[in-house]
Amino acid sequence: MADMDSDKNEIFSKRVRAGKRTYFFDVKATRSNDYYLTITESKRKYKDDGFTYEKHKIFLYKEDFDKFGDALIETINHVKEELMPEVDFSQFEQNDNGEATVQSADSNTELSWD
């Protein structure tokens with residue numbers, strides 16, 4: 001019988017593309033059928049002979065799900081409501097490829113960044 005590695009015990013996965021970064025939310029199982037979440041940020045870095053990926057990973061265990069989720073929502077809401085209330089965050093949507101796009105209220109207006 002083969003040993004279970006981190007890829008073989010994956011139960012569910014969600015990918016979020018965000019420019020040069022991709023976030024992976026993966027539900028995994030332990031050998032005793034307990035579940036945990038890994039959150040991975042993968043960032044593409046260009047090198048002389050091509051590119052590599054820099055990865056950072058967080059392991060989140062079931063006993064911390066509620067505390068983590070509550071803190072994340074509270075933090076996001078603080079930014080949206082207290083720090084940037086003038087921004088319409090619904091303008092940032094994802095296309096079919098999972099990439100963020102910016103929607104303008106006026107379809108004839110092009111958005112650009114300097």
message = Residues that are part of a loop (DSSP other than H, G, I, E, B) and either surrounded by 14 or more Cβ atoms within 10 Å (Cβ to Cβ) or at pLDDT below 95 (or both): does the range 60-77 have at least one?
response = no
request  = Could you tell me which numbered condition Asn33 fails, if it satisfies all but one of (1) of a type outside the set (A, V, I, L, M, F, W, C); (2) modelled with pLDDT under 90; (3) part of a strand (DSSP E or B)?
outcome  = (3)
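The values are calculated or read from the model by the stated rules, or taken from the named source; none is laboratory data. Since this is a predicted model, take the numbers as computed values, not measurements. Every residue, glycine among them, receives a Cβ derived from its backbone with ideal geometry; neighbour counts consider all protein chains shown.
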